[in-house]
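Engineer: Once you've had a glance at the structure underneath, I'll fire off some questions.
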Amino acid sequence: MDIGSLVWMFFLLSTLQPVLKQRLLEASRQRLIGAIERKRKSRVILLVHREETMSLLGFPVARYINIEDAEAVMRACQLTDSEVPIDLVLHTPGGLMLAALQIARAVRYRKGRVTVFVPHYAMSGGTLIALAADEIVMSRHAVLGPVDPQLGQYPAASLLKAVERKPIAEVDDNTLILADLAQKAAQQLEATAKELLTRSQTPEKSAELAKLLSSGTWTHDYPITFDEASRLGLKVSSAMPRDVMQLMSLYPQPMKRQPSVEYLPVRRHADDQIEGRRIRDASVI
């Protein structure tokens with residue numbers, strides 16, 4: 001074999017290696033999803049948004065909840081008998097409110113139990129979906145977020161406050177129009193959150209939580225921790241299954257550079273001795 005053939009073979013293997021790696025990763029995810037479904041006797045659905053890299057130019061592309069996500073989740077629900085429990089794993093910064101609302105209502109009105117798992121974070125529209133569940137299972141350091149509506153770059157609540165603080169004659173028409181839209185959006189989202197929360201809360205508590213989460217009490221990216229969610233009265237649990245955390249490890253963040261976090265991927269116990277310790281399972285979380 002001449003040098004030219006070796007070069008071509010190298011390029012061929014370099015091209016196929018990412019494809020084969022992705023296929024193996026997908027197969028591992030499918031096996032673990034199947035194992036969790038058999039253990040919990042449920043339908044497992046994942047809504048995971050990672051930053052992706054374009055294959056040719058290498059630019060990072062952020063992903064959010066969109067209509068395609070809503071269609072896929074609704075199809076999964078339709079393929080599942082209404083009495084079968086749904087386990088929905090969320091890892092998302094939020095996204096299109098229409099799509100998030102479609103997903104939330106698809107799970108809100110199911111007969112079977114609905115459990116939402118938040119291993120790391122589910123903000124904005126992700127939190128709206130979580131509100132529709134019977135229970136939200138969070139890792140101890142996972143976070144939810146407020147669901148207050150945003151109009152472009154402005155929070156709806158801030159637009160309303162800005163108009164209230166100025167004489168009407170000093171407010172331009174464009175701001176008045178935005179304020180009108182902001183008021184409608186706030187009312188609509190509060191009513192929607194209340195509707196979703198009635199699956200797990202009393203009507204009075206649903207109204208209280210809906211107003212708190214949708215009225216601009218905090219900034220839109222404010223992290224609601226497990227402890228705070230529990231204090232607010234949300235139906236949360238910290239009993240995160242290890243299988244779910246292991247499943248998240250099979251959705252790696254694409255990287256084109258040296259990782260900024262590095263560690264030996266094994267469980268450490270207080271009585272472990274580092275010297276001579278055998279790495280038993282690199283996939284253990």
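The values are calculated or read from the model by the stated rules, or taken from the named source; none is laboratory data. Just so it is clear, the structure is predicted and the values come from calculations on it, not from any experiment. Glycine also receives a Cβ, built like all others from the backbone with ideal geometry; neighbour counts cover every protein chain displayed. These accessible areas exclude ligands, DNA and RNA; they are computed on the full protein's heavy atoms, side chains included. Shrake-Rupley method; radii C 1.70, N 1.55, O 1.52, S 1.80 Å.
Engineer: What figure, in Å² to the nearest 10, do you get for the accessible area of Asp2 with a 1.4 Å probe and non-protein molecules left out?
Structural biologist: 100
Engineer: Below 14 angstrom from the Cβ of Lys166, what's the summed charge of the other residues (Lys, Arg +1; Asp, Glu -1)?
Structural biologist: Result for the neighbourhood of Lys166: -2.
Engineer: I've got another one for you. What is the stretch 61-218's relative contact order, in percent, from Cα pairs under 8 angstrom and six or more apart in sequence?
Structural biologist: Relative contact order here is 19 percent.
Engineer: Taking N as the number of residues in the stretch 164-236, what value does Rg over Cα atoms divided by 2.2 N^0.38 Å take?
Structural biologist: Normalised by 2.2 N^0.38 Å, the Cα Rg of the stretch 164-236 equals 1.39.
Engineer: OK, next. Keeping all protein chains in place and using 1.4 angstrom, which order do Lys194, Lys211, Lys41 fall into by accessible surface area, from largest down? Working shown, then result.
Structural biologist: On the way: Lys194 90, Lys211 115, Lys41 155 Å².
Descending order: Lys41, Lys211, Lys194.
Engineer: Next question. Under a 1.4 angstrom probe, counting protein chains only, how are Met248, Met240 ranked by accessible area, largest first?
Structural biologist: On the way: Met248 5, Met240 35 Å².
Highest to lowest solvent-accessible surface, that is Met240, Met248.
Engineer: Can you send over the solvent-accessible area of Lys166, 1.4 Å probe, protein chains only, in Å² to the nearest 10?
Structural biologist: 100
Engineer: Find out how many positive minus negative residues lie around Arg108, taking Lys and Arg as positive, Asp and Glu as negative, among other residues whose Cβ is under 15 Å from that of Arg108.
Structural biologist: It works out to a net charge of +4.
Engineer: Continuing with the same structure: As a test question: what accessible area, to the nearest 10 Å², does Thr175 have when a 1.4 Å probe is rolled over all protein chains in place?
Structural biologist: Approximately 40 Å² of Thr175 is accessible to the 1.4 Å probe.
Engineer: I want the local charge near Ala35. Using Cβ-Cβ distances under 13 Å, sum +1 for each Lys or Arg and -1 for each Asp or Glu among the other residues.
Structural biologist: My count for the surroundings of Ala35 gives +4.
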